[in-house]
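Asks: Below is a structure I'd like to ask you about.
Please treat every number below as a calculation from the coordinates, not as lab data. Note that the coordinates shown come from a computational prediction; the quantities given were computed from them, not determined experimentally. Glycine gets a Cβ as well: all are built from the backbone with ideal geometry, and neighbour counts include every protein chain shown.
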Amino acid sequence: MVSGNHVRIVARTDEELAGAGAAPIIEVANLRKDYRLGEETLVALEDVSLSVARGEFISLVGPSGCGKSTLLNIIAGLIPKSAGTARLAAKEIVGPSRQIGMMFQTPVLLPWRTNLENVLLPVEVFGLSRREYIDRARRLLDLVGLGPFVERYPNELSGGMQQRVAICRMLLCDPDVLLMDEPFSALDEMTREFLNMELLRIWQERRKTVVFVTHNIGEAVLLSDRIGVMSVRPGRLLQVIDIDLPRPRTKATLVDPQYFRQVARVRGLFG
Amino acid sequence: MTGRISLRRRVSDHAIALAIIAGGVVVWEMVCRFGLVSALVLPAPSAVIKEFVGICNEILHGGPLRNDTLVTLYESVAGFVLAFFLAFIGGTLIAEIPLLRRVMMPYLVAINAAPKIALAPLIVVWFGFGTGSKIVMAALIAFFPLLINVVSGLANADPQKLKLMHSLAASPWMTFTKVKLPDALPAVFAGMKIAIVFAVVGAVVGEFVGAEAGLGLVIKRTDYQLDVALTFAVVALLSLMGILLFYAVEWSERHVLFWTTPKN
């Protein structure tokens with residue numbers, strides 16, 4: 001009995017340590033992903049190793065086909081890896097986790113549900129009580145400026161507004177890790193910048209761990225603590241560089257000479 | 001502005017269509033008036049219209065034709081509903097169980113290609129001269145377009161939405177009820193619009209083979225009596241029934257699939 005208690009206390013202390021940032025929340029080591037195309041094998045990812053600390057904002061950039069989305073989908077538990085390790089909160093990733101919130105290139109809203117019901121989708125899927133989350137869902141929609149549209153349908157919103165609904169859906173159940181797969185790349189430049197600012201504001205408040213896939217270097221520099229630069233064929237993580245820009249970052253960051261220097265530095269890596 | 005232009009265009013489109021139809025009717029009337037074709041072969045439109053007004057009157061005032069109309073309507077709708085439930089259950093099983101889909105699909109395509117109308121005499125032998133055999137006949141013809149649309153609707157659910165549900169670790173049941181089923185509805189309704197018209201055909205074919213009542217039986221009788229104008233009028237009545245049933249399905253489609261018409 002006594003020893004059992006002791007073990008539990010030690011385990012909890014370990015968790016607290018992890019929570020304090022001692023252990024990375026995402027650990028990827030020697031990761032490999034192959035796709036079989038008939039007789040041929042396509043190497044999508046080769047020998048990728050990456051650790052992401054709790055509360056960190058990391059972006060993955062690289063040309064199309066570099067495997068950045070593949071890496072994200074493996075961390076999300078959506079596709080299996082071919083070799084190597086991939087861990088989330090010290091546990092091997094074997095499938096999707098409720099600790100993760102995701103966003104995709106398109107909003108992927110269900111058009112037959114109101115915006116509020118779309119935000120509440122994870123609650124229904126997880127079998128939680130709608131009543132407990134409905135106020136939170138409304139507050140989140142309010143937070144991103146969609147208060148007047150809660151009872152409207154997605155097809156009454158612009159593309160940027162729809163992505164904001166998707167942000168709320170991702171945040172509703174308070175996941176530890178946000179995985180965002182080119183979430184703003186289908187939007188026009190003005191809308192994208194606006195949503196970058198929204199995301200920065202939300203991240204500043206909540207300090208979630210974010211893995212953000214993009215092919216836009218400026219966007220990656222603006223948002224990230226670190227940027228993983230990837231190469232194509234085979235998909236490799238070439239370099240992970242720190243972005244030393246002061247936080248909180250705002251619209252002013254976008255005209256800061258330091259920002260341009262960082263963008264130029266990342267751009268230089270692609271030759 | 002654009003709304004008014006498109007409305008004006010719609011009106012003019014209808015006007016052109018009506019003019020073409022009216023022209024055809026005038027030619028047809030001339031052909032009959034000048035005795036180019038015997039009235040026993042092709043009655044004049046005016047005669048058909050007179051008969052049509054007559055049978056509409058009879059239906060409204062409770063004559064024997066009212067019963068025949070209601071019998072055919074009942075057989076068509078009951079057959080359609082029966083086919084819908086069978087196709088929905090069967091289609092769901094086929095779409096959701098990969099093994100069943102792989103094994104059954106080639107046979108379904110083969111059965112679909114078979115002329116099911118040719119089974120009508122057999123169906124009447126099996127299910128009798130009453131409404132039962134007509135309901136089975138209507139269901140048999142309506143079943144396949146429904147089945148195929150249920151299967152393709154469920155199988156072609158938006159992969160992005162499925163990925164979202166996967167990322168939420170949703171159970172197969174959750175994914176089915178929250179995404180696949182509503183995503184399949186447009187295809188299901190497309191099948192229903194075909195099937196409802198097919199169901200009327202099935203009921204009438206069944207009545208041709210042998211029936212106690214129904215508009216198919218009326219057509220057979222008027223045909224024997226060489227009352228061709230009346231036959232035409234009953235065919236027009238059947239068309240009207242098909243059109244009304246079609247629009248009933250379309251009306252419910254508009255209300256169920258409210259999200260497919262953008263409001264923005």
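Asks: Once you treat every alpha carbon in chain B as an equal point and sum by Debye, what is log10 I(q)/I(0) at q = 0.11, 0.15, 0.16 Å⁻¹?
Replies: -0.80, -1.14, -1.20
Asks: So how far, in whole Å, is the C-alpha centre of the range B:66-103 from the one of the range A:73-147?
Replies: 37 Å
Asks: With a 10 Å Cβ neighbour count serving as the proxy for reagent exposure, in which order, fewest first, do A:K91, B:K193 appear? Don't skip to the end; give the middle numbers.
Replies: Values: A:K91 9, B:K193 17.
Least to most surrounded, the residues fall as A:K91, B:K193.
Asks: Grab the other residues whose beta carbon is less than 13 angstrom from that of B:T131, score K and R as +1, D and E as -1, and report the net. List each step's numbers first, then the result.
Replies: Working: positive: B:K134; negative: B:D68, B:E75, B:E207, B:E212.
Summing Lys and Arg as +1 and Asp and Glu as -1 gives -3.
Asks: Beyond 37 Å, what share of the Cα-Cα pairs of the protein assembly as shown is found? Please give it as a whole percent.
Replies: Numbers: 73969 of 142845 pairs.
Above the 37 Å cut-off, the protein assembly as shown has 52 percent of its Cα pairs.
Asks: Additional query: Could you pull out every residue, at least 5 positions away or on a different chain, whose amide H is within less than 5 Å of the one on A:I26? Hs are placed 1.01 Å off N in the peptide plane, and Pro or chain starts have none.
Replies: A:V52, A:A89
Asks: Counting pairs of alpha carbon atoms under 8 Å apart in space and at least six apart in sequence, what relative contact order in percent does chain B give?
Replies: Details: 295 pairs, mean separation 66.4, N = 264.
The normalised contact order for chain B reaches 25 percent.
Asks: Moving to a separate point now. Please arrange B:T72, A:T106 by how many other C-beta atoms lie within 10 Å of their C-beta, fewest to most.
Replies: On the way: B:T72 29, A:T106 19.
Going from sparsest to densest Cβ surroundings: A:T106, B:T72.
Asks: Longer than 23 Å from Cα to Cα, which of A:K208/B:K180; A:K33/B:K163; B:K134/B:K220; B:K163/B:K193; A:K68/B:K180; A:K33/B:K180 are they? Say none if no pair is.
Replies: Details: A:K208/B:K180 32 Å; A:K33/B:K163 19 Å; B:K134/B:K220 15 Å; B:K163/B:K193 31 Å; A:K68/B:K180 29 Å; A:K33/B:K180 29 Å.
In this structure, A:K208/B:K180; B:K163/B:K193; A:K68/B:K180; A:K33/B:K180 lie more than 23 Å apart at Cα.
Asks: Placing +1 on the Cβ of each Lys and Arg and -1 on the Cβ of each Asp and Glu in chain A, which of A:T250, A:T114, A:V213 has its Cα farthest towards the positive end of the resulting dipole?
Replies: Most positive-ward Cα: A:T250.
Asks: Now for a separate question. With springs only between Cα atoms under 10 Å apart, run a GNM on chain B and tell me which of B:K180, B:K163, B:K116 wobbles the most.
Replies: B:K163
Asks: Right, something else. Would you mind ranking A:T114, B:T131 by Cβ crowding within 10 Å, fewest neighbours first? Before the final figure, lay out the partial values.
Replies: Working: A:T114 18, B:T131 23.
Taking fewest neighbouring Cβ atoms as first place, the list is A:T114, B:T131.
Asks: Would you mind checking which residues have amide H under 5 Å from A:L238's amide H? H placed 1.01 Å from N; only 5 or more apart, or other chain.
Replies: Placed amide hydrogens put A:V229, A:M230, A:S231 under 5 Å from A:L238.
Asks: Using each residue's phi in the range B:230-241, evaluate 6.51 cos²θ - 1.76 cosθ + 1.60 at θ = phi - 60° and report the 3J(HN,Hα) Karplus result to the nearest Hz, with x for Gly and Pro.
Replies: Ordered by residue, 3J(HN,Hα) equals 5, 4, 4, 5, 5, 4, 4, 5, 5, 4, 4, 4 Hz.
Asks: Where the only charges are on Cβ atoms (+1 Lys, Arg; -1 Asp, Glu), what is the dipole of the range B:43-260 about its Cα centre, to the nearest 20 debye? List each step's numbers first, then the result.
Replies: Working: 14 positive and 13 negative charges, 146 e Å.
My answer is approximately 700 debye.
Asks: Which value, in debye to the nearest 20, describes the size of the charge dipole of the protein assembly as shown about its Cα centre when Lys and Arg Cβ atoms bear +1, Asp and Glu Cβ atoms bear -1, and nothing else is charged?
Replies: Working: 54 positive and 47 negative charges, 152 e Å.
So the dipole magnitude of the protein assembly as shown works out to roughly 720 debye.
Asks: If you count the DSSP beta bridges with both ends in the protein assembly as shown, what percent of them are antiparallel, to the nearest 5? List each step's numbers first, then the result.
Replies: Values: 22 of 40 bridges.
For the protein assembly as shown, the DSSP antiparallel bridge percentage is about 55.
Asks: Lys and Arg at +1, Asp and Glu at -1: add these up for the other residues within a Cβ distance under 15 Å of A:V48 and post the number.
Replies: Numbers: positive: A:R32, A:K33, A:K68, A:K81, A:R87, A:R226, A:R233, A:R236; negative: A:E27, A:D34, A:E46, A:D47.
Charge balance near A:V48 sits at +4.
Asks: Can you tell me the relative contact order of chain A? Whole percent, Cα pairs under 8 Å, sequence separation 6 or more.
Replies: 24 percent
Asks: Measure out, as a whole number of angstrom, how far apart the alpha-carbon centroids of the range A:188-213 and the range B:114-139 sit.
Replies: 64 Å
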